[in-house]
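J.: Questions regarding the structure given below will be posed in turn.
The values are calculated or read from the model by the stated rules, or taken from the named source; none is laboratory data. Only a predicted model underlies this, so the values are computations on that prediction, with no experimental measurement involved. When we count neighbours, we look across all protein chains shown, and the Cβ atoms used for this are built from the backbone with ideal geometry, even at glycine.
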Amino acid sequence: MTAVPETMAAVLLTGHGGLDKLDYREDVPVPRPKADEVLIRIAAAGVNNTDINTRTAWYSKAVDQGTNSGGGSGFDQADDADASWSGTPLSFPRIQGADVCGIIAAVGDDVDRARVGERVLVRNMLRHYVDYRPYECWTIGSEMDGGFAQFAVAPSRETHAVNCDWSDDELASIPCAYSTAENMLHRARVGVERVVAERVLVSGASGGVGSAAVQLAKRRGAEVIAIAAQTKAEEVLTLGADRVLDRNADLLTELGRESIDVVIDLVAGESWPVFLELLVRGGRYATAGAIAGPLAQIDVRTLYLKDLTLFGCTFQEDEVFANLISYIERGEIRPLVAKTYPLAEIAQAQEDFLAKKHTGKLVLIPPAVKP
């Protein structure tokens with residue numbers, strides 16, 4: 001193993017705002033693992049909506065716009081006091097990066113030294129630091145430093161060894177996007193105790209979470225209808241979708257009322273009410289994002305007269321991430337990586353992410369650790 005240096009390259013988020021708040025440095029102290037923690041030499045880290053939403057303070061309830069509208073410059077109306085996942089102020093500087101893929105370089109007290117050298121993924125919604133209380137979690141890269149660096153620490157129990165032949169950039173595509181998608185499907189019980197294949201509608205299907213949801217829903221035996229730009233339709237079909245509808249299509253005309261069993265939504269916005277019209281009686285709706293805007297109008301009569309169930313999905317039960325590791329090792333899923341960037345080019349990577357011209361994941365690669 002390469003010796004652990006005193007300092008490292010990392011991107012520091014210096015405050016809420018635009019891309020200028022991302023400060024690439026090469027003199028950041030390397031963290032040291034405490035009891036029950038491991039130190040990971042990071043091989044790759046994916047770019048996610050949550051990284052941008054945290055930087056721009058989009059999680060603040062004072063913001064009512066879609067995520068992209070302030071992705072480059074931030075939101076002037078945001079309130080820093082509630083601009084994080086947890087609703088409490090962030091500490092700056094912060095190293096973001098919800099995806100941590102790498103090799104264990106050192107361990108803290110009470111961790112078996114045999115773990116050094118393992119290739120690992122870190123569960124992004126951490127429970128160790130909140131004593132595994134239900135519906136509480138720390139997000140790596142938000143409540144604690146994450147993967148946009150050469151090294152990061154994480155709880156040993158939530159750092160999973162992975163045995164597969166994937167590239168580092170493929171493996172780094174999994175933690176945030178795939179656990180978010182799998183969690184929605186898990187909560188909505190897609191494919192559980194169903195004799196006939198369910199029809200699942202996935203919005204934002206060309207993005208990291210959406211493309212993961214397409215694969216994971218198909219893995220569960222569903223008929224998958226995806227919503228994406230027509231320029232990306234072929235790629236989304238390759239991921240496993242049975243049908244791709246243009247994001248500007250009239251969904252009621254294309255699909256008909258009460259034609260969908262489960263909606264997996266990442267978009268929300270003004271068009272949101274149509275999803276409830278599409279659902280069958282007893283249908284389920286799950287969301288973990290609001291790219292087009294967080295405010296939507298609901299006709300409560302539709303909700304109760306059709307016996308619908310709505311799931312908001314952030315907290316993840318323990319089996320969600322463990323299941324993902326098993327899917328990887330059994331060869332049941334494979335992410336699509338659109339492009340990789342050196343860590344120093346994080347601003348360009350986030351600009352490209354916001355442009356939404358890609359399908360799949362964008363991934364950052366830190367510089368090699370000098371011997």
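J.: Could you please let me know if GLN348 is in the same structural domain as THR159 (by TED's automatic domain parsing) and either among the polar types (S, T, N, Q) or assigned to a strand (DSSP E or B) (or both)? Lay out the reasoning, then the answer.
T.: On the way: in the same structural domain as THR159 (by TED's automatic domain parsing): yes; either among the polar types (S, T, N, Q) or assigned to a strand (DSSP E or B) (or both): yes.
So GLN348 fits the description; yes.
J.: Within the range 352-362, track down each residue that is touching a strand residue (DSSP E or B) at 6+ places or on another chain (Cβ under 9 Å), over 17 Å from TRP166 (Cα atoms) and of a type in the set (A, V, I, L, M).
T.: Hits for the range 352-362: nothing passes.
J.: What are the residues in the range 167-188 that are in a helix (DSSP H, G or I) and over 14 Å from ALA45 (Cα atoms), if any?
T.: At the first step, the residues of the range 167-188 found to be in a helix (DSSP H, G or I) are 168-171, 175-187.
Passing the criteria: SER179, THR180, ALA181, GLU182, ASN183, MET184, LEU185, HIS186, ARG187.
J.: Next question, about the same structure. Answer yes if at least one residue in the range 103-116 is at pLDDT below 95 and closer than 22 Å to LEU364 by Cβ, and no otherwise.
T.: no
Matching residues to (1) among the aromatic types (Phe, Trp, Tyr); (2) surrounded by fewer than 24 Cβ atoms within 10 Å (Cβ to Cβ); (3) under 16 Å from the mean Cα position of the chain (by Cα); (4) over 28 Å from TYR285 (Cβ atoms):
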position	(1), (2), (3), (4)
ARG127	no, yes, no, no
THR139	no, yes, yes, no
GLN150	no, no, no, yes
ARG157	no, yes, no, yes
CYS164	no, yes, no, yes
ALA197	no, yes, no, no
GLY208	no, no, yes, no
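J.: Evaluate the following for GLY97: is it on the phi > 0 side of the Ramachandran plot, buried (at least 22 other Cβ atoms within 10 Å of the Cβ) and out of contact with any His (no Cβ under 9 Å at 6 or more places or on another chain)? Step through it out loud before you land on a result.
T.: On the way: on the phi > 0 side of the Ramachandran plot: yes; buried (at least 22 other Cβ atoms within 10 Å of the Cβ): yes; out of contact with any His (no Cβ under 9 Å at 6 or more places or on another chain): yes.
Answer is yes for this residue.
J.: Among (1) touching a strand residue (DSSP E or B) at 6+ places or on another chain (Cβ under 8 Å); (2) not in a helix (DSSP H, G or I), where does HIS16 come up short?
T.: It fails just one condition, (1).
J.: In addition: So, in the range 275-302, exactly how many residues are loosely packed, with under 15 Cβ neighbours inside 10 Å and either on the phi < 0 side of the Ramachandran plot or not assigned by TED's automatic domain parsing to the domain that holds GLY204 (or both)? Walk me through how you get there before you give the answer.
T.: Taking the range 275-302 as the starting set, the residues that turn out to be loosely packed, with under 15 Cβ neighbours inside 10 Å are 281-282, 295, 297-302.
With the extra rule that they be either on the phi < 0 side of the Ramachandran plot or not assigned by TED's automatic domain parsing to the domain that holds GLY204 (or both), the set shrinks to 281, 295, 297-302.
Result for the range 275-302: 8.
J.: For the range 304-351, name all the residues that are closer than 23 Å to ASN163 by Cα, surrounded by fewer than 18 Cβ atoms within 10 Å (Cβ to Cβ) and in contact with a strand residue (DSSP E or B) (Cβ under 8 Å, 6 or more places away or on another chain).
T.: Once the filter is applied, which keeps residues that are closer than 23 Å to ASN163 by Cα, surrounded by fewer than 18 Cβ atoms within 10 Å (Cβ to Cβ) and in contact with a strand residue (DSSP E or B) (Cβ under 8 Å, 6 or more places away or on another chain), the range 304-351 yields only ALA322.
J.: Restricting attention to the range 319-333, report how many residues are assigned to a helix (DSSP H, G or I) and either touching a helix residue (DSSP H, G or I) at 6+ places or on another chain (Cβ under 9 Å) or of a type in the set (Phe, Trp, Tyr) (or both).
T.: Quick first cut of the range 319-333, residues assigned to a helix (DSSP H, G or I) only: 319-329.
After this cut, where a residue has to be either touching a helix residue (DSSP H, G or I) at 6+ places or on another chain (Cβ under 9 Å) or of a type in the set (Phe, Trp, Tyr) (or both) as well, the list is 319-321, 323-324, 327-328.
Residues meeting the conditions: 7.
J.: Quick check on the range 258-274: of everything there that is surrounded by fewer than 17 Cβ atoms within 10 Å (Cβ to Cβ) and more than 15 Å from ILE227 (Cα to Cα), which residue is farthest from the chain's Cα centre (by Cα)?
T.: Residues of the range 258-274 surrounded by fewer than 17 Cβ atoms within 10 Å (Cβ to Cβ): 258, 269-271, 273-274.
Cutting the leftovers down to more than 15 Å from ILE227 (Cα to Cα) gives us 258, 270, 273.
On the way: GLU258: 29, GLU270: 23, PRO273: 24 Å.
The qualifying residue farthest from the chain's Cα centre (by Cα) is GLU258.
J.: Among the candidates ALA43, ALA62, ALA3, ALA35, which residue alone is in contact with a Gly (Cβ under 9 Å, 6 or more places away or on another chain), farther than 17 Å from GLU351 by Cβ and in a loop (DSSP other than H, G, I, E, B)? Quick ask: steps written out before the conclusion?
T.: Working: ALA43 fails: in a loop (DSSP other than H, G, I, E, B); ALA62 fails: in contact with a Gly (Cβ under 9 Å, 6 or more places away or on another chain); ALA3 fails: in contact with a Gly (Cβ under 9 Å, 6 or more places away or on another chain).
Exactly one residue qualifies, and that residue is ALA35.
J.: Would you mention how many residues in the range 55-99 are in contact (Cβ under 8 Å) with a residue 60 or more places away in the chain and out of contact with any strand residue (DSSP E or B) (no Cβ under 9 Å at 6 or more places or on another chain)?
T.: Counting residues in the range 55-99 that are in contact (Cβ under 8 Å) with a residue 60 or more places away in the chain and out of contact with any strand residue (DSSP E or B) (no Cβ under 9 Å at 6 or more places or on another chain) gives 7.
J.: Being among the β-branched types (Val, Ile, Thr), outside the structural domain of GLY204 (by TED's automatic domain parsing) and surrounded by fewer than 19 Cβ atoms within 10 Å (Cβ to Cβ): is that true of THR14 here? So that I can check it myself, show each step before the final result.
T.: Details: among the β-branched types (Val, Ile, Thr): yes; outside the structural domain of GLY204 (by TED's automatic domain parsing): yes; surrounded by fewer than 19 Cβ atoms within 10 Å (Cβ to Cβ): yes.
Yes.
J.: Now for a separate question. Residue check: is VAL63 surrounded by 15 or more Cβ atoms within 10 Å (Cβ to Cβ), modelled with pLDDT under 95 and more than 18 Å from the chain's Cα centre (by Cα)? Outline the logic, then answer.
T.: Numbers: surrounded by 15 or more Cβ atoms within 10 Å (Cβ to Cβ): yes; modelled with pLDDT under 95: yes; more than 18 Å from the chain's Cα centre (by Cα): yes.
So VAL63 fits the description; yes.
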